[in-house]
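Accompanying notes for the structure given below.
The values are calculated or read from the model by the stated rules, or taken from the named source; none is laboratory data. Fair warning: this is a prediction, and the values are worked out from it, not measured in the lab. Glycine gets a Cβ as well: all are built from the backbone with ideal geometry, and neighbour counts include every protein chain shown. Side chains are part of the model used for accessible areas, which takes the heavy atoms of the whole protein and leaves out ligands, DNA and RNA. Shrake-Rupley method; radii C 1.70, N 1.55, O 1.52, S 1.80 Å.
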Amino acid sequence: MKTMFIMVLAMFLAGVIGCCVVTVRKKSEYSAAILRLLAAGSVAMAAYLLFLLTENRTAAMFFDGLYFASIDWMLLCMLAFVLRYTNTRSYTKFIRNLFLLAVCIDTLVLLCNVGGEKMFTLERGIHAGTGMSYWSVSFGRPFYYHLGFCYGMASLALAILLAKLVKSSRRYRKMYLYTLIPFVVVLGLNAFCHTTKYPVDFSLLLYVLLAVSICYSSLYAVPRGLLEDTLISVVEDFSNGILCFDVRGKCIYANEKACELFGVEQGGDYAALEQYDKKWREDNCGDPAESREWEETYTTAGEERFYNVGYQQLKDERGDAFGYVFRLTDRTEAIRRFREEQYLATHDRLTGLYNREYFFQKAEQILRRKPDTERYMVCTNIRNFKLINDLFGEEMGDRVLVDQASLLKFSNYEDCIQGRIGADKFAMLVSKENFNPELAVKNTGKLQYLINDSNYKIQVSIGVYRIEDPNESPQVMYDRANMAIESPQGEYNKAVVYYDSRMLEQLMHEKSVVSEFEHALEEGQFQMYLQPLVGADGELKGAEALARWKHPAQGLIQPIDFISVVEKSGLIIRLDEYIWELAARKLRDWKERGLEELSISVNVSGKDFYYVDLYKTFTELAEKYGISPDRLNIEITETVLMTDLEMHLEVLSRLQEYGFCIEIDDFGSGYSSLNMLKDIRADVLKIDVLFLRETENKERSRVILSSVIDMAKRLGISVITEGVETKEQIQMLTDMGCEMFQGFYFSQPVPVEKFEEIYLSGRP
Ligand code: C2E
Ligand code: MG
Ligand code: MG
């Protein structure tokens, strides 16, 4: 029995030494404390082993004393370990030193017991129960102080462990139980051996188990368990799905997100997950790759979600696969945000159509992809869009734009795209076969319903460019379609205008006029020509001032080639003021020469009403040159008067009150000529004889012309017919009652010097 115990003890001793090796290797924060505990335990076991083996009483006394002392040290180390393990900080250095001192004194007393034998004595005896020869120990009173001290230390360690056990979370309890339970067993057994006076202390054997348990739990099981618990709770909370499989294709773990995604219950039947894995393998021919990534789309609760799926093989240190994992990263939000940003960067916020840059980019892609399809670049422009904003408010302006955009989408044909290029300018790339200009016009006409004002008509111009070279830049194509809108054809109410190359020439011409204008004005390249105004009696009554541009390179340029351009750009006000000044100066000149009865008519453009204070300008001119206002006549075309009549009337009547004569130019060329006469008290009507020439039924035209002349006279308005070229015309018009004429029959517009030379040379 004794021999067997000795052998077991020796084996356990070896076990403790093994634990020491493991502890040193593991390099944990508890390593030092565990090593000290193991060292104290080894000394205790060695001492106890030698005590059991020795026959010499003195040696047995010493080894038994050493054994009892090492129990002191063991418990002190246990206490130190427990304090560290439970992270108890109230154990100050002072208390530690106090314990250390007590243990040292106790050790000294126990080792010195060989001399005095006050603590315990030994006697050789035969154990009654087992018949075993052994050293029977009798304890003296002081020994019980030692025993009390030992149990005190053990109780303290136990109390600390118990307190921690109660307070800590469920996951941490295991950590303390692994230490607490063997410790209680060892202490219990030790108490049992003491009370029964059994020849051998079996608790020492269990001490080894305690050591192994502490090593295993504190160095391996608990950290790993905690790590697993922590990792699992982290992975559980992931917004990403995690699926772990073993090498046999069995799903061993799926976090909540993955279960939700595949509609399975966590911890339940994972057949659906295993099916997913199986199918993926089949699709990828059992893919042996170590890792892979791809995208997948799932529809959960009717919502489309995007996942980035990663597959990763799991390998051990030797490189052998022991499983694999699928990571499903939810990228829905990122993709949604990206799409949103992309949408905002490529679309117009108000109308939802492509924005300028993206439209051109898309158009280029389509044109390059299918260069053989015949296509049009179409551009639309809402005429006077600014006016809609001004008259009906910006909100209405926005509604018109939104409706215009949706009307543009009338065709959902393949490769037909629409974009908003500027404020009220839209563009569309469409194949020839799908472009229906009539429908486009009809659609744009629908915008009118938005505005509850029959006086205001929304007009949309459509410019079309036939794409001949698909490699041309879409921007250029658009510019050309737009050029068609801005060409004279487009301006005169034609709804659909096709681009032709002359428009480009026209544009170039317009640009050069605008760029040269200022310089030309400063240089005096603009001249005033005069065309005589002759009475029915053949007498000169006055003249009309007409501008001419004496271009140094191009020679004499007629108004038809520059007036509309400078009018469009607003430069006309500069030219008009210049001519008005020349006319006023000439009138002063004539007045000084005694030709006071002669008048000069000057042209006033529509733009002048908006940018010039006409009343101030004309009255100042009259005063500056000291001329009578009824000699400087003001010509306004009836088309100008037709828009914004009220504002015009106000200015004109003030001018009339001052004494100026108002002449309505080109009377009969507009549509509401007669109607207008109701409101405006003009002094003179200038009727173009073209009115006669262009009509097929001359007889009817004559009736109308003579009625107009008659009506004018009855209203107290003088009539001048311009454009007269023949004697017959003069005769006929005189018969009708017209008293004044202007036309090539008398003279073309001529430079002032020539005019004076012809008409005024005989005069004073
Ligand atoms: P308008 O004011 O109606 O001027 C009369 C035009 O008819 C002049 O053309 C004149 O040369 C032309 N004309 C006169 N008699 C005959 C004729 O017997 N047969 C034909 N075929 N034509 C005749 P012009 O000088 O080329 O001026 C054209 C238009 O340009 C003018 O029409 C006027 O609206 C505008 N314009 C000319 N100068 C100025 C200017 O200084 N300021 C403004 N705002 N407009 C001007
Ligand atoms: Mg005129
Ligand atoms: Mg005229």
With respect to LYS686, is the statement that it is open to solvent by 90 Å² or more (accessible area, probe 1.4 Å) and out of contact with any helix residue (DSSP H, G or I) (no Cβ under 8 Å at 6 or more places or on another chain) true? no
Going through the stretch 632-662 one residue at a time, which ones are away from ligand 1 (no atom under 16 Å from the Cβ), under 25 Å from ALA543 (Cβ atoms) and among the hydroxyl-bearing types (Ser, Thr, Tyr)? TYR658
Complete set of residues in the stretch 444-474 that are closer than 30 Å to GLN365 by Cα and surrounded by 15 or more Cβ atoms within 10 Å (Cβ to Cβ): THR444, VAL460, SER461, ILE462, GLY463, VAL464, TYR465, ARG466, ILE467, PRO470, GLU472, PRO474
Could you please give the count of residues in the stretch 138-170 that are in contact with a strand residue (DSSP E or B) (Cβ under 7 Å, 6 or more places away or on another chain) and either free of Cβ contacts under 8 Å to residues at least 24 places away in the same chain or open to solvent by 30 Å² or more (accessible area, probe 1.4 Å) (or both)? 3
LEU575 - would you say it is of a type outside the set (S, T, N, Q), away from ligand 3 (no atom under 16 Å from the Cβ), open to solvent by 20 Å² or more (accessible area, probe 1.4 Å) and part of a helix (DSSP H, G or I)? no
Just one of the numbered conditions (1) at pLDDT 85 or above; (2) touching a helix residue (DSSP H, G or I) at 6+ places or on another chain (Cβ under 9 Å); (3) of a type outside the set (Ser, Thr, Tyr); (4) under 27 Å from ARG369 (Cα atoms) is not true of ASP415; which one? (1)
For LYS386, are the conditions met, namely being out of contact with any Gly (no Cβ under 6 Å at 6 or more places or on another chain), closer than 25 Å to LYS432 by Cα and not polar (S, T, N, Q)? no
Looking only at residues that are under 22 Å from TYR611 (Cα atoms) and either within 15 Å of ligand 3 (Cβ to nearest atom) or not in a helix (DSSP H, G or I) (or both) in the stretch 538-566, which one is most open to solvent (accessible area, probe 1.4 Å)? SER564
Is the stretch 496-511 home to any residue that is crowded, with 22+ Cβ neighbours inside 10 Å, in contact with a Lys or Arg (Cβ under 8 Å, 6 or more places away or on another chain) and modelled with pLDDT under 95? yes
Residues being of a type outside the set (Ser, Thr, Tyr), more than 15 Å from ligand 2 (Cβ to nearest atom) and either in contact (Cβ under 8 Å) with a residue 60 or more places away in the chain or in a helix (DSSP H, G or I) (or both) - total across the stretch 718-764: 24
For the stretch 456-490, give me the residue count where each residue is outside any loop (DSSP other than H, G, I, E, B) and not aliphatic (A, V, I, L, M). 14
Just checking, which of VAL22, VAL16, VAL43 is within 60 Å of the chain's Cα centre (by Cα) and either under 17 Å from ASN190 (Cα atoms) or in a helix (DSSP H, G or I) (or both)? VAL22
Within the stretch 706-764, track down each residue that is among the hydroxyl-bearing types (Ser, Thr, Tyr), away from ligand 1 (no atom under 15 Å from the Cβ) and farther than 15 Å from VAL689 by Cβ. SER707, SER718, TYR759, SER761
Which pairs do you get when a residue that is in a helix (DSSP H, G or I), found in the stretch 429-454, comes within reach of a residue that is modelled with pLDDT of 85 or more and open to solvent by 90 Å² or more (accessible area, probe 1.4 Å), reach meaning Cβ atoms under 9 angstrom, with the pair 6+ apart or on two chains? LYS432/GLU374; LYS432/ARG466; GLU433/GLU374; LEU450/ARG399
What pairs come up if the first residue lies in the stretch 22-47 and is among the charged types (D, E, K, R), the second is open to solvent by less than 50 Å² (accessible area, probe 1.4 Å), and their beta carbons are under 6 Å apart, counting only those six or more places apart or on different chains? LYS26/LEU219; ARG36/CYS77
Any idea which residue in the stretch 590-620 is farthest from ligand 2 (Cβ to nearest atom), counting only those that are under 24 Å from PHE741 (Cα atoms) and acidic (Asp, Glu)? GLU596
I need the full set of residues from the stretch 682-707 which are at pLDDT below 90 and within 16 Å of ligand 3 (Cβ to nearest atom), in order please. ASP688, VAL689, LEU690, PHE691, LEU692, ARG693, GLU694, LEU705
Within the stretch 106-118, is even one residue assigned to a loop (DSSP other than H, G, I, E, B) and without any contact (Cβ under 8 Å) to a residue 24 or more places away in the chain? no
The listed residue being without any contact (Cβ under 8 Å) to a residue 24 or more places away in the chain, open to solvent by 40 Å² or more (accessible area, probe 1.4 Å) and at negative phi, out of GLU357, GLU364: GLU357
Out of the residues in the stretch 632-674 that are assigned to a loop (DSSP other than H, G, I, E, B) and within 16 Å of ligand 2 (Cβ to nearest atom), state the one that is surrounded by the most Cβ atoms within 10 Å (Cβ to Cβ). PHE660
